[in-house]
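Let me begin by presenting the structure, written as structure tokens, before commenting on it.
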Amino acid sequence: MRYHTPATFEDASAIAAATSGVTRFLAGGTDVLVQMRADIVTPDDLIDIKHIPGVKDVVLEDDGCWRIGAAVAGAELTAHAGLCADWPGVVEGMGLVGSTQVQGRATLIGNLCNGSPAADSVPGLAAAGAEVSVVGPKGARQVKVEDIPAGPGRTTLAKGEVIAGVYLPPRGKRGGDAYLRFIPRTEMDIAVVGCAVNLRVDGDKITEARVVLGAVAPTIVVVADAAKALIGSTLDAAALDALAAAASAACRPINDKRGTIAFRTDVAGVLARRAAKIAYDRARGAK
Amino acid sequence: MPLDTKTTGFKYIGTRPDRPDGIDKVTGKARYGADAYAPGMLHGVMVRSPHAHAKIKNIDASKALALKGVKAVVTRADFPTGLEGEDWNIQENCMAGEVALYDGHAVAAVAATSLLLAREAAKLIEVDYEVLPHVTDVDEAMKPGAPAIRAGAADYSVPEGLHPNVMRYIEYGHGDLEAGFAAADLVMENTYKTEATHQGYIEPHACLAQLGADGKGEMWVCTQGHWFVRRMSAAALGIDVANLRVTPSEIGGGFGGKTTVFIEPVALALSRKAGKPVKMVMTRSEVLRATGPTSSSSIDVKMGMKKDGTMTAAKVTMRMQGGAFPMAPIDSALDCAFSCYNIPAVHHEGYDVLANRPKQAAYRAPGSPMAAFATESLVDEMCRALKLDPLKTRLQNASREGTKASFGPTFPRIGLVETLEAAIAHPHYAAPLGPNQGRGVASGYWMNWGGETSVSAALGEDGSVTVSVGTPDIGGSRASMALMAAEALGIPYENVRVNIADTGSLGVNEPTHGSRATYASGLATIEAVKQISTKLCQRAADKWGIPVEAVIWEDGSAKPSGPNAGEFPPLTIGELAAEMGGTGGPISGHFEATPSGHGGSFGTHIVDVEVDPETGYTSVLRYTVVQDAGKAIHPAYVEGQFQGGAAQGIGWALNEEYIYGADGRLQNTVFLDYRIPVASDLPMIDTVIVEVPNPGHPYGVRGVGETGITPPLPAVANAVHAAAGVRLRSLPMSPPRILAAIKAKG
Ligand SMILES: Cc1cc2nc3c(=O)[nH]c(=O)nc-3n(C[C@H](O)[C@H](O)[C@H](O)COP(=O)(O)OP(=O)(O)OC[C@H]3O[C@@H](n4cnc5c(N)ncnc54)[C@H](O)[C@@H]3O)c2cc1C
């Protein structure tokens, strides 16, 4: 195994593009190192991106956009007052990952690129409308978060492509987001269902909404019908029923050791209701 | 053995000093199984079957052996043949012979100069399998057409016509069952199922083994019982026990799962072949796949009750699979099933069944939690039907001194009534509950154990005392032994050091199992140190020139027994010890026996849960353990045992389970998916220590380690029923199952 510490994303990309074996980028390593220890993946090239300048930065751009570097750990996000105020749902998704120890290392982009349909920070990012900047052999491009996952353990990134950072759009006024997951325990578990809701209100009325489910399909699911159920409503009982029904209808889950199809389908609706209420309160409250 | 039981007026017993092993453990200095190194040491890695059931057609290790640094490969061909009974079972489980019997069954092992190399080499060992049909569920394994895992191996007890997977059959009871059911106002019968669970000890199995061509060997091993390791390993390898010296490491939990061997004989075989010491350390996945989880069970219980709550008759049929080997704990499960109650007519039937799963090992009160789940759930259902208070009904029927136990003998002094009375009086039982919340109660029993015990105590030149016991310290037993020695000698706790001796230093000791260590090693410690004080009285008598009968031992000193004995100032243990070299030589005490006065321990638990009606998620809000300890030597460690038992029982009740795929392979081989409760899942578990002294121990001790895991399974099920209105008769009560039950109820 070769271990690399490139100084730029272009170099990181070039190393990855030139290899012929198994390649992994090393951000926090809370997936990669665990998989190596468990004999699941044995990389030929391990490319550590933590030596690249700027990867630890969390920056509020002039346009109100948040730029989060590729090596910013969960604990740095949950301790970031400005980010928590703008995007509490995104941060609470990341904040659910692992334990205090894991939080000291785990990153948003690692969570995204590991490709787990149950990744906790990804529904919140997608609901927020976040994008990532991708550096590759053919240059740089911006990609929507929901376009990265391709299925369990797979992404749409091409060989040699690496993600340099995440961009959260300007929060703007009267917005709120929330993420909830269901696990059979209280922590240190993997989402059986996850649901993020991001919305904006005008008075009591919802004007914009995005609803994203995790762990109920091979990738996260952006549920347009669920968003439609919210938009124009005041989150009344009928809207909540329609939201839950749309969320459940969007599920394409599997029966496995973590949950049944029926359970995941039901609970997706339950979490959608509960997350929508939190996001709605946040939108009307703080801002 | 008649004992002069002392139950009051203690100076050290019942205090809570720091444990002697505490600092080493919290500073990382304590040496566990994997912390041993030897010059020239190799690392051993196992090759395991990926199939639930497969014939091993050929094993080709040539590619592995061709790697530089690979020193030995062993298969079953490297072990002696001709073993019988449990010796054969253990050998077969440690290394498969002709057939791999479960997913994870060891089929070969390799030793190399580094762990990485050994892992690499293990992947290069080519095993040619012929996959056979498999069965993992106990009920399926008994059906016609189920693959016979070991045809013809059933023992004489099995009636004709049963599936060859049934290895043993047990039937017993007393009283007129039909008359009992006829006399009842309500007869209920239900079937309950429990899944296999794992002890989940935090330290994986590990050992460092050395065995020479001369047949002499040594081993450092993480175990609950090193004499068991010695006997089993020696048998598996065909060597004499005296030629194998086994030293136990510190141990990070066992709960019964470390009372047998898995890697130890294999490490010895590798060492013998390579001519070097070999270390083996299991991964967590190996622990879950290929050590000794519990049996899974399927249980029919029937009970008759009068309107006033009087139990009239009860019948249980227990089917348990213990993996691909006999000895599922049907015996103790049946014995515990109705042990809490004085029922005029009882009948027990048990089937010990093979399935393609790892060989079960002991887990905290083996069999009793499953039995309690069935019986105590049914008792709760009947109390509901008859609108009776579940604790008062238990009290009304409770076993007490003189009751003919459901399993035969007459109970001596026991403490079930006292635990029930304490539970009824506890504020928890009357505390208000909120919406979607419910309360459950249950009682449970474990008979405990005595077992072979050998203890030595030696006096130091300054009057301090070293006690050597053979029971590894898992739950603070060194502190308890030191307290008992201090009490018996009248010297400070700090002046007693307790060591866990190796197999070369004492007679045979059974493991720390059956909740026996504080009882049996404690009893032997007291008797051994009493020999020291007796000898010291003799030295004082000689010095004073008076007969030894005129000398008594009190507060750590020899004293004249009264004015007639003469006027002599007391001689302290320190003074006598300082001159012992000149007054007759070193002084030590030794006691060995197989004490059988272990008293059983009963417990009663109260639990409040809240069930989320939309997700089936259960949170445990409040939990109280009430249990009879006989006498709590070190109350903090007794409470720790109560809490630990409850925590493990809650895990078993709610989320822990062995999940097998259709291919017969274990699906949840890491702690992510084998869901033990995490700290934040549990409330602080409240404890009440009841002390009904055990007449079989000098200070009244009863074992407390196991009973605590028996009531939680039914107590939680009863609480879930109260909270959500649904009765779960299959464990675990995971959210999908509870939600499905809520939806089915409508
Ligand atoms: C004990 C424990 C508990 C956990 N609990 C949770 C949980 O509750 N919820 C959850 O969702 N996850 C959980 N995880 C998984 C893991 O912590 C998260 O997925 C984490 O966010 C991964 O981030 P990382 O920086 O450690 O990724 P790494 O392990 O460094 O990388 C993960 C993957 O992303 C790729 N990658 C990393 N950086 C880049 C980049 N810049 N460009 C392209 N690809 C990249 C790597 O090649 C690798 O495939 C847990 C893990 C552990 C060990």
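The values are calculated or read from the model by the stated rules, or taken from the named source; none is laboratory data. Here the structure is a predicted model, which is why all the values come from computation and not from measurement. All Cβ positions, even for glycine, are placed from backbone atoms using ideal geometry, and neighbour counts span all protein chains on display. The area values use the complete protein model at the heavy-atom level, side chains included, leaving out ligands, DNA and RNA. Shrake-Rupley method; radii C 1.70, N 1.55, O 1.52, S 1.80 Å.
Per-structure values
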| read-out | value |
| --- | --- |
| Counting DSSP beta bridges with both ends in chain B, the antiparallel % (nearest 5) | 75 |
| Charge sum, other residues only, whose C-beta stays under 13 Å from residue B:192's C-beta, Lys/Arg counted +1 and Asp/Glu -1 | -2 |
| Per-pair calculated FRET efficiency, R0 = 41 Å: residue B:58 and residue A:138 via Cβ, rounded to 0.05 | 0.20 |
| Global form of segment B:450-593, assessed from the alpha-carbon gyration tensor, a/c cut-off 1.5 | prolate |
| For chain A, with +1 on Lys and Arg beta carbons and -1 on Asp and Glu, the positive-most of A:109, A:93, A:139 along the dipole | A:93 |
| Taking chain B and dividing mean pair separation by its residue count, relative contact order in percent (alpha carbons under 8 Å, at least six apart) | 16 |
| Contour minus Cα-Cα distance for residue A:14 and residue A:249 (0.36 nm per residue) | 80.3 nm |
| Cleavage-rule hits, trypsin sites (Lys or Arg not before Pro), segment B:210-271, DSSP coil, Cβ neighbours within 10 Å at most 14 | B:216 |
| Antiparallel %, DSSP beta bridges [both residues in segment B:450-593], to 5 | 75 |
| Förster radius 41 Å - calculated FRET efficiency between residue A:100 and residue B:143, Cβ distance, rounded to 0.05 | 0.25 |
| Qualifying trypsin sites (Lys or Arg not before Pro) in segment B:46-79, DSSP loop, other Cβ atoms within 10 Å at most 14 | B:68 |
| Extension gain, residue B:27 back to residue B:534 (0.36 nm per residue minus Cα-Cα distance, nm) | 178.6 nm |
| Debye, to nearest 20: dipole size of the protein assembly as shown, +1 on Lys, Arg Cβ, -1 on Asp, Glu Cβ | 1660 |
| Cα centroid of segment B:587-623 to Cα centroid of segment B:696-746, whole Å | 12 |
| Paramagnetic label zone (point 7 Å from Cα along Cα-to-C-beta, residue B:216; backbone N under 18 Å) in segment B:32-52 | B:39 |
| Given 14 as the ceiling on other Cβ atoms within 10 Å, longest exposed-site-free region of chain A for GluC sites (Glu not before Pro) in DSSP loops | A:62-186 |
| Sorted largest first, extent of segment A:175-285 alpha carbons per principal axis (Å) | 44, 26, 22 |
| Listed residue (B:44, B:108, B:15) projecting farthest to the positive dipole end of segment B:1-136, Cβ model | B:15 |
| DSSP-assigned coil residues among trypsin sites (Lys or Arg not before Pro) in segment A:145-192, each with at most 11 further Cβ atoms within 10 Å | A:173 |
| Segment A:89-155-segment B:105-145 distance, computed between alpha-carbon centres (Å) | 37 |
| Residues along segment B:678-727 losing 10 Å² or more of accessible surface when the other protein chains are present rather than the chain by itself (probe 1.4 Å) | B:678, B:680, B:681 |
| Total accessible surface hidden between A and B, rounded to 100 Å², 1.4 Å probe | 2000 |
| Per-pair calculated FRET efficiency, R0 = 45 Å: residue B:38 and residue B:84 via Cβ, rounded to 0.05 | 0.85 |
| Gyration tensor verdict on the protein assembly as shown (Cα atoms; rounded if a/c is under 1.5, prolate if a/b is larger than b/c, oblate otherwise) | prolate |
| Per residue, in Å², the accessible surface of segment B:458-614 once ligands and nucleic acids are set aside, probe 1.4 Å | 36 |
| Spacing of the two label points (7 Å from each Cα toward its C-beta) at residue B:567 and residue B:151, in nm | 9.3 |
| Estimated distance in nm for a label pair at residue B:300 and residue B:745, the labels positioned 7 Å out from Cα along Cα-to-Cβ | 2.7 |
| Relative contact order %, chain A, counting alpha carbon pairs below 8 Å whose residues are six or more apart | 16 |
| Magnitude of the charge dipole, segment A:175-285, Cβ model with Lys/Arg +1 and Asp/Glu -1, debye to 20 | 200 |
| Relative contact order computed over segment B:156-314 (Cα-Cα under 8 Å; 6+ residues apart), in percent | 35 |
| Cβ-placed point charges (K, R +1; D, E -1), dipole of segment B:450-593 about Cα centre in debye, nearest 20 | 80 |
| Part-to-part distance (alpha-carbon centres) for segment B:423-444 and segment B:508-537, which is given in Å | 40 |
